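Okay, so here's the structure we're looking at.
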Amino acid sequence: MEWGILIGVLFIFFLFFVGIPVFVAIGFGSMLILILTGSTHLFPNLGQCAFEGLNAFTFLAIPLYILTGDIISRTGVTDALLDLASSLIGSIRGGLSATVLLACGFFAAISGSVASDAAVFSRITIPELEKRGYPRAYGGALVAAGGATAVLIPPSVGYILIGYVLNISIADLFLATILPGILVVIVMIIINFIYVHMRGFESVGTDKQFSFKEVVLNLWKAKMGLVFPFIILGGIYSGVFTPSEAGAVAVAVGTIHGILTRKLSLKDYVETLRSSAMVCGVIMPILAIAYFMGQTMTYFETQKLVLKTLLSITENPVFLIMIIFSIVLIFGMFIDLVPNILILGPLLLPVAVEIGMDPNHFCIWFMFTLAFGFITPPYGFNLFVVSSITGVSIVEISRRMIPFLIAFFITNVIIVIWPGLSLYIIGK
């Protein structure tokens, strides 16, 4: 039976590498596992599991948060957030690149979508970065790293999924990741400043001076972008509505704002719905089929098998953490967010609990490690997104990614050795 599971998993990876769509690869791999283990009587469960995988009120939050991000990017809120970030730190040399990272963090607190964050800021910031003396490849690396914060800062689609799959409070996860999310942005900004000064970037200077009046003015202009996180998170933590209902309220507020300011025409709104539906059309089939694979793994008690295997290698908590980190990092480089959460999350949580890690702490660290994988060469997901938009090769962007890999690694280490950073705010 163990060999049947192993061969099935390897077959899934083979299908990934030859370019088969993720949900098809997972589906065929799951069926192969059932065939090799003599459990073909479970085939009829495929349709039922696919339905049950999507038939959850919690998952309504996913298309709603994606739609919210698309709406605000079309109503000028993104530009306002960028102006606010620029007025705060743009007057310092290296401030433009730091502004991009800070604005990515602001936008991440609204959109919850890695691809949206990276795509939006690639288009509007890289040309300006080039004018100020930054290599285009560094601009791409900057945006790819900043965009990865969308999976780390609440509200994040990733925390909705992992909270549902592991039966952990999504509201607690949103709250627990606030400080780690802020930390990773701060660390990236600091290392970016050091790197920019070492390399002599932003050679075309600016006579821009810090102005408190400008900060206040841009703060007012960006009020809608700052209001969204309060609507979503404030409503959830106050008990007024659930994460899914919060997404619906955010969509309604964004739509009303766009109409009243005349920045969202009917044509724009239809296009926004179409683009959001396309993103959801990629996520939802994966979600449905990955749920079937998750049920298959549960049926064969694969979680116990993984726990037994890893403990047979070592019982040292430090080494086990390093093994988990390596597994999640590698999977994050090759596979999208959804299958990683649905498959790896349930398999690795028992190992983390065995070494004394709190489930909430594990989820935060797990997501940060996945995000690390998104920007790790040569197959990091964000590298492909930014490369396709900028026209810069993945190899060139990867060469400029080193400062941000260092920043993510430092943050990852702090999170795993300091559980209180995540747990204190939720009283654990």
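FYI, it's all coordinate maths here, none of it is from the lab. The model shown is predicted, which means the values in this text are computed figures rather than measured ones. Glycine gets a Cβ as well: all are built from the backbone with ideal geometry, and neighbour counts include every protein chain shown.
With angles folded into 0 to 90 degrees, how steeply does helix 136-147 sit against the dominant principal axis of the chain? Use alpha carbons for both and round to 10.
Its long axis makes an angle of about 60 degrees.
Pairing the Cα long axis of helix 95-111 with the longest principal axis of the chain, what angle in degrees results, from 0 to 90 and rounded to the nearest 10?
In the chain, helix 95-111 runs at an angle near 50 degrees to the longest axis.
So, by mean Cβ neighbours within 10 angstrom, what's the order for 142-152, 301-311 with the highest one leading? Don't skip to the end; give the middle numbers.
Working: 142-152: 29.3, 301-311: 15.4.
Order by mean packing, descending: 142-152, 301-311.
What aspartates and glutamates sit close enough to K308 to cross-link, taking a C-alpha to C-alpha distance under 20 Å and skipping anything fewer than 8 places away on the same chain?
Answer for K308, where 20 Å is the Cα cut-off: E2, E354, D358, listed by chain and number.
Sequence neighbours fewer than 8 away in the same chain don't count; with that in mind, list the aspartates and glutamates whose C-alpha is under 17 Å from K221.
Within reach: D79, D83.
Specify the residue with the greatest mean-square fluctuation among S39, S211, S312, computed from a Gaussian network of the chain linking alpha-carbon atoms under 10 Å apart.
S312
If I model a spin label as a point 7 Å beyond the Cα along the Cα-Cβ vector, how far apart are those points for D268 and S312 in nm?
About 6.0 nm separates the two model spin labels.
So what's the angle, to the nearest 10 degrees on a 0 to 90 scale, between helix 178-199 and the longest Cα principal axis of the chain?
Helix 178-199 sits at roughly 60 degrees to that axis.
Out of T99, T261, T177, any idea which swings most in a Gaussian network model of the chain, alpha carbons joined below 10 Å?
With Cα springs under 10 Å in the chain, the top fluctuation among T99, T261, T177 is at T261.
Fully extended, how many nm does the chain gain between Q48 and T261 (0.36 nm per residue separation, minus their Cα-Cα distance)?
Fully extending the segment from Q48 to T261 adds 72.1 nm.
So which aspartates and glutamates can K267 reach, going by Cα to Cα under 19 Å and dropping same-chain residues fewer than 8 places off?
Filter leaves D70.
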